[in-house]
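All remarks here apply to the structure that follows.
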Amino acid sequence: MKKQKKLWGNAHNKKPNEIFMEFTSGKDVYASKPFDEILIPYDIKTNKAHIKMLYKQGLLTLQEYKKLDKALDKVQKLYEKGEFLINPALEDVHTNIENKVTELVGDEIGGKIHTARSRNDQVTSDMYLYLHDEVDYFLSEISNLILNLKTQSTKYSQTPCPGFTHYQPATVTSFGKILDAFKSMFERDLLKLKHLKETYNFSPLGAVTGYSTTLDIDPNITAAELGYKNIFKNSIDVITNRGEFEMTFANCLSGFLIHASMMAQTFIIFSTQQFGYIVLPDEFTTGSSVMPQKKNPDALEIIKSKSAGAIGVTTAIQSILSASFIGYNRDTQEIKYKIMSLLEDCKYIPYILSKIVRNLKVNKQKMLEETQKYFINSTEVMESLMKKSKLPMRKSKEIIEMAINESIKENSLDKITKSALEKSLKKARIYRIMELEVFLK
């Protein structure tokens, strides 16, 4: 077989990271699983909890319970071996599993598995389990990103770097403080996710269609089996608001992705040849199919676009829920597709950012040089003048503004000159300021 080659890479010292390549290639080459296929292990888990409750409440005999439990174990093993997939003719994951179980145990026993339950509380329960696992994943990955930012911000805490406003050099800071700013942002995102997990730490199973059941069930049993602290407070509420957990999760992710996008934009600009503050790791850049020298920040650019997409998903989910009539509404099925797509799209973002942060090359000399240009120390000069002369802040600022203007006239485009400051002080009728060099250091 002929060896397959990419259209770039020979200028790179390291091979591209595999997860990075999957992230940047995305849906161009990688197919998504059917969403209900992702829910198979969760539906098996809710089924097992449900039949245990039915047995304990006397709605199944011990023999019936054991046969159903064994059949569900069989379905689980088939799934793990890739031998149980969703049959589109059977509509959804719940019907697929119930049909397979019934095939294994017969109609008489299989027909009892859905006792005192609706697909309404079943899918909500499946999604809760799935979403809790996804929250745990992002908690872990964002925590790792924060750890890497903490390490690097400490390492570069004394590395001078321009601070920017309006994309222009504004004052002197440190590269470590810039990294620490992003760490602070992600720490808040982490707190929101922890709160999200705690807020939805209850089981929806037992709400049935939203109006419970006349049968003697105990939702506390299924809640304990599924690992929740509590059960739903109101069955109508939990079914009407199928999608609220998803909406809140999407909102948390949107916040995280906005911060991720800010960091991506900053790193893109800092890594340009014009800035040259940092060099992105080779394994997280791509090349061009035409231009041999290119090392492009594709992952960071895609992160920015994913942020925009997350905001759109959050708005869409909010809009779907806002139009709900009390009770179950089929509209909410669309929410499942939107949240699962969002989670699939952004699952690698904290990992990629973490790796980039950890492997950044920092050009300390270039940063230092840039802190000597563009009158960047003007605020410090103004504050020094205030302290030395006891002048009001506004008066000091006027003097330094005039000094900058005079310096430019003298062809000094980076620093305030002593002569320019002298002229400005005289214009302001300030005559007793000595040792002007002190202000200009």
Residue among 376, 303, 352, 356 that alone is at pLDDT 90 or above, outside any helix (DSSP H, G or I) and closer than 30 Å to residue 280 by Cα: 376
Kindly evaluate residue 222 against the criterion of being under 20 Å from residue 55 (Cα atoms) and not basic (Lys, Arg). yes
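Any residue at all in the stretch 186-201 that's surrounded by 14 or more Cβ atoms within 10 Å (Cβ to Cβ), under 18 Å from residue 355 (Cα atoms) and modelled with pLDDT of 95 or more?
Looking through the stretch 186-201, at least one residue is surrounded by 14 or more Cβ atoms within 10 Å (Cβ to Cβ), under 18 Å from residue 355 (Cα atoms) and modelled with pLDDT of 95 or more.
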Quick one: would you say residue 204 is more than 26 Å from residue 340 (Cβ to Cβ) and buried (at least 16 other Cβ atoms within 10 Å of the Cβ)? no
Restrict the check to the stretch 213-221 and report whether at least one residue is touching a strand residue (DSSP E or B) at 6+ places or on another chain (Cβ under 8 Å), assigned by TED's automatic domain parsing to the domain that holds residue 365 and at negative phi. yes
For the stretch 145-184, enumerate the residues that are surrounded by 17 or more Cβ atoms within 10 Å (Cβ to Cβ) and within 14 Å of residue 354 (Cβ to Cβ). 145, 146, 148, 149, 152, 153, 179, 182, 183
Which residue is surrounded by the most Cβ atoms within 10 Å (Cβ to Cβ), if the candidates are limited to the stretch 96-144 and must be of a type in the set (A, V, I, L, M) and more than 30 Å from residue 350 (Cα to Cα)? 97
For the stretch 162-185, does any single residue satisfy the condition of being without any contact (Cβ under 8 Å) to a residue 40 or more places away in the chain and farther than 30 Å from residue 143 by Cα? yes
Report yes if some residue within the stretch 323-334 is modelled with pLDDT of 90 or more, part of a helix (DSSP H, G or I) and touching a Gly at 6+ places or on another chain (Cβ under 6 Å); otherwise report no. no
Could you please give the count of residues in the stretch 407-440 that are over 14 Å from residue 388 (Cα atoms), modelled with pLDDT under 85 and in a loop (DSSP other than H, G, I, E, B)? 2
What is the residue count in the stretch 78-93 for residues that are among the charged types (D, E, K, R) and surrounded by 11 or more Cβ atoms within 10 Å (Cβ to Cβ)? 3
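The values are calculated or read from the model by the stated rules, or taken from the named source; none is laboratory data. Keep in mind the model is a prediction, meaning the values are calculated, not measured. Cβ atoms come from the backbone with ideal geometry, glycine included; neighbour counts cover every protein chain shown.
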